[in-house]
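The values are calculated or read from the model by the stated rules, or taken from the named source; none is laboratory data. Fair warning: this is a prediction, and the values are worked out from it, not measured in the lab. Glycine gets a Cβ as well: all are built from the backbone with ideal geometry, and neighbour counts include every protein chain shown.
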């Protein structure tokens, strides 16, 4: 993988340079800074530092490799290209360098030059090389050879789905929709069943005059749920319009599809940094490939490169059918980077423009709830619930999320009704059982039902520290201290550095007379409190007070009921 190349070949270059102290001193700083940036997937900084180091030691193969890879991670094929060409001219084998040179040739549609390359020494990998060659042959006017090559690839073990998906796309791109549909229906593989594959097939069916079949195929793939892009397609089909086949309009589009489809497959097996490079090349070959853009932005989020992800999402044109999806992604990236107000603003604007989309309102509700803006969250969830059919898969969560907001607003009757509605829609859901059961115990009502709910939740999620903690804590609140001990100890095993869980265990230990162990747990809990977390549930002042005077005195000071007699053998 490319990450391993960064950590081995570039390191080898530095080790070699160390023997030449003058050169080593001049590049050590930028090299180490680049390596650190690369380890954190900060491609922008890595490219800058590696380029600086390479300018001082231009002969070093490891630095060339690292610099090319970093530029690819940012999507700057043009900056990686001169270094990649130099590496090839020197006979250096490098997947990232070969990918860069190939991307440039294909973007300029120099198919003959690409086909003349020796894939054994200048290729990317067997599957990608084969698919690229087939599409390049079609681009060079050798359609029969290209289609035959897809068949040849399909005969190889494990890659039949890839080959036939691309052959179907190629046939449709060449206008042979009958043959394309025959492949889609008879050789349906995993790629044909993706969102992109399903939409391509709908366009093929429409070209064949089979709009009703196209609608049925979309319903089978996506159910009754929809989004602006799918809705627009269905409306056009219902109106009798013939959909243009937009997924492949040229061989270059097909070549971009190779990198995009492989990126989707690699995501299940490779790291996001390696997968991102395939997505970057897909967009280089086809700048309007919005699906590739969304994939890249999602990968950047996964690598916690939130600023780059935000910038990527913002590149989706506001008139594109996927604009709402991009804005939802941008809001998520802003949230994760700590820019909560900016995220809320994005979602509020989106709600004005796409007011009929439940996901927009539910997402806005989630962000508002996490910011403790519960009244506004309830209003957003109200709209989302009104727009969502109760039979929809996610309807239970909307009631659950609204119930949490209502509970925080101390509107318990409405909250309880929502919790119970969520359980009707999703019976046995452990999060709902846990929250509702815990709330009932805190209110000292329906205690038998509450305990049964939490026990059911633990049975469903025995490795959830939060839920196991709830069971132990509920038993403690019921005065069943001995029974609580084992569950609280298990919760701490599952969540050893959670301050609330450790604090709870301390209280339980105190209740059974194990005072020294209780004090130890309170000290542990106090050490785990994050002073910068304003939303933390842990109360460090209460922990300190318990350490000073004990839990019994704290309860008396709070006006709470005293503990029952401890089971301490007298």
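Hey, does region 450-473 have a residue that's buried (at least 17 other Cβ atoms within 10 Å of the Cβ), over 36 Å from the mean Cα position of the chain (by Cα), without any contact (Cβ under 8 Å) to a residue 60 or more places away in the chain and not in a helix (DSSP H, G or I)?
No, the conditions are met nowhere in region 450-473.
Given the conditions (1) in contact (Cβ under 8 Å) with a residue 40 or more places away in the chain; (2) in a loop (DSSP other than H, G, I, E, B); (3) closer than 23 Å to residue 197 by Cβ, and given that residue 281 satisfies all but one, which numbered condition is not satisfied?
With (1) in contact (Cβ under 8 Å) with a residue 40 or more places away in the chain; (2) in a loop (DSSP other than H, G, I, E, B); (3) closer than 23 Å to residue 197 by Cβ applied to residue 281, the lone miss is (2).
Residue-wise test of (1) over 23 Å from residue 291 (Cα atoms); (2) in a helix (DSSP H, G or I); (3) in contact with a strand residue (DSSP E or B) (Cβ under 6 Å, 6 or more places away or on another chain); (4) at pLDDT 95 or above.
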| position | (1), (2), (3), (4) |
| --- | --- |
| 311 | no, yes, no, no |
| 318 | no, no, no, no |
| 324 | no, yes, no, no |
| 331 | no, yes, no, yes |
| 346 | no, yes, no, yes |
| 359 | no, yes, no, no |
| 364 | yes, yes, no, yes |
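Exactly one condition in (1) surrounded by fewer than 19 Cβ atoms within 10 Å (Cβ to Cβ); (2) assigned to a helix (DSSP H, G or I); (3) under 28 Å from the mean Cα position of the chain (by Cα) is not met by residue 162; state its number.
Here residue 162 meets the rest and fails (1).
Does at least one position in region 434-442 carry a residue that is within 24 Å of residue 491 (Cα to Cα) and either outside any helix (DSSP H, G or I) or out of contact with any helix residue (DSSP H, G or I) (no Cβ under 8 Å at 6 or more places or on another chain) (or both)?
Checked against the condition, which is being within 24 Å of residue 491 (Cα to Cα) and either outside any helix (DSSP H, G or I) or out of contact with any helix residue (DSSP H, G or I) (no Cβ under 8 Å at 6 or more places or on another chain) (or both), region 434-442 yields no hits at all.
What number goes with the only condition from (1) surrounded by fewer than 17 Cβ atoms within 10 Å (Cβ to Cβ); (2) more than 30 Å from residue 289 (Cα to Cα); (3) free of Cβ contacts under 8 Å to residues at least 40 places away in the same chain that residue 355 does not pass?
So residue 355 meets the others, but not (2).
Identify all residues within region 272-316 that are surrounded by fewer than 22 Cβ atoms within 10 Å (Cβ to Cβ) and under 15 Å from residue 69 (Cβ atoms); write none if there are none.
272, 303
Can you pull out every residue in region 359-391 that is surrounded by 21 or more Cβ atoms within 10 Å (Cβ to Cβ) and touching a residue at least 60 places away in the same chain (Cβ under 8 Å)?
Answer for region 359-391, where residues must be surrounded by 21 or more Cβ atoms within 10 Å (Cβ to Cβ) and touching a residue at least 60 places away in the same chain (Cβ under 8 Å): there is none.
Within the bounds of region 511-523, is there any residue that is under 26 Å from residue 427 (Cα atoms) and out of contact with any strand residue (DSSP E or B) (no Cβ under 6 Å at 6 or more places or on another chain)?
no
Among the candidates 212, 203, 229, single out the residue that is surrounded by 14 or more Cβ atoms within 10 Å (Cβ to Cβ), modelled with pLDDT of 95 or more and in a helix (DSSP H, G or I).
Residue meeting the stated conditions: 203.
Going through 25, 36 one at a time, which residue ends up being at pLDDT 90 or above and either assigned to a helix (DSSP H, G or I) or out of contact with any helix residue (DSSP H, G or I) (no Cβ under 8 Å at 6 or more places or on another chain) (or both)?
None of the other options fit; the residue is 36.
Those residues that are outside any helix (DSSP H, G or I), free of Cβ contacts under 8 Å to residues at least 40 places away in the same chain and within 34 Å of the chain's Cα centre (by Cα), I need them from region 96-153; list them, please.
Of everything in region 96-153, those that are outside any helix (DSSP H, G or I), free of Cβ contacts under 8 Å to residues at least 40 places away in the same chain and within 34 Å of the chain's Cα centre (by Cα) turn out to be 108, 123, 124, 125.
Residue 265: under 22 Å from residue 131 (Cβ atoms), touching a helix residue (DSSP H, G or I) at 6+ places or on another chain (Cβ under 9 Å) and surrounded by fewer than 23 Cβ atoms within 10 Å (Cβ to Cβ), yes or no?
yes
Taking residue 491, is it within 14 Å of residue 441 (Cβ to Cβ), surrounded by 23 or more Cβ atoms within 10 Å (Cβ to Cβ), touching a residue at least 12 places away in the same chain (Cβ under 8 Å) and touching a helix residue (DSSP H, G or I) at 6+ places or on another chain (Cβ under 7 Å)?
It is false that residue 491 is within 14 Å of residue 441 (Cβ to Cβ), surrounded by 23 or more Cβ atoms within 10 Å (Cβ to Cβ), touching a residue at least 12 places away in the same chain (Cβ under 8 Å) and touching a helix residue (DSSP H, G or I) at 6+ places or on another chain (Cβ under 7 Å).
Does residue 243 qualify as being assigned to a loop (DSSP other than H, G, I, E, B), surrounded by 17 or more Cβ atoms within 10 Å (Cβ to Cβ) and modelled with pLDDT under 85?
No.
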